[in-house]
Amino acid sequence: MTEAFSVLHDVHKLLWAGVGVLYVVMSLIVFFMYGFDKMAARKSASRISERTLLLCGLACGWPGAMLAQKIFHHKTIKSSFRLAFVATVIVNCLALCILFFL
């Protein structure tokens with residue numbers, strides 16, 4: 001019985017580590033996406049769609065998006081985007097809670 005709990009504990013730790021790596025990688029990708037989009041906006045060049053930014057944030061990249069919004073002052077004014085962004089963060093956090101605590 002103790003052996004089963006040990007294996008379960010190891011799997012749980014591995015799952016947490018995997019999710020942590022996913023958040024770091026996606027956050028870096030999304031951070032650079034926001035930076036690229038800000039640069040494109042200044043140059044009136046082709047942009048990354050808001051939908052793509054939101055979906056990538058939803059896919060565990062929202063911490064990088066939040067940091068990019070602070071650093072680049074990008075996507076911080078348009079209220080419809082802000083509301084959608086907050087909704088994606090809430091959905092992502094709820095999914096994380098369901099994954100680990102239910």
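The values are calculated or read from the model by the stated rules, or taken from the named source; none is laboratory data. None of these values were measured; they are calculated from a predicted model. Quick reminder, even Gly has a Cβ in these numbers, built from the backbone with ideal geometry, and neighbours come from all protein chains shown.
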Note to self: Tell me yes or no: at least one residue of region 68-84 is touching a Ser or Thr at 6+ places or on another chain (Cβ under 7 Å), part of a helix (DSSP H, G or I) and closer than 24 Å to V19 by Cβ.
What the structure shows: yes
Note to self: Just to be sure I understand the filter: pairs with C-beta atoms under 6 Å, separated by 6 or more residues or on different chains, first member in region 81-102 and among the aromatic types (F, W, Y), second member surrounded by 10 or more Cβ atoms within 10 Å (Cβ to Cβ). Which pairs pass?
What the structure shows: F81/E50; F81/K75
Next item on the list: Quick one: in region 40-62, of everything that is more than 21 Å from the chain's Cα centre (by Cα) and in a helix (DSSP H, G or I), which residue is farthest from V21 (Cα to Cα)?
Entry: R42
Notebook entry, point to check: Pick from region 92-102 the residues that are over 11 Å from the mean Cα position of the chain (by Cα) and either at pLDDT below 95 or surrounded by 11 or more Cβ atoms within 10 Å (Cβ to Cβ) (or both): which of them is farthest from D10 (Cα to Cα)?
Noted result: A95
Note to self: Here is a list: A59, A41, A87. Which entry is of a type in the set (G, A, S), under 30 Å from H9 (Cα atoms) and surrounded by fewer than 18 Cβ atoms within 10 Å (Cβ to Cβ)?
What the structure shows: A59
Notebook entry, point to check: Looking at V19, V25, V7, V11, which is the one that is in a helix (DSSP H, G or I) and at pLDDT 95 or above?
Noted result: V25
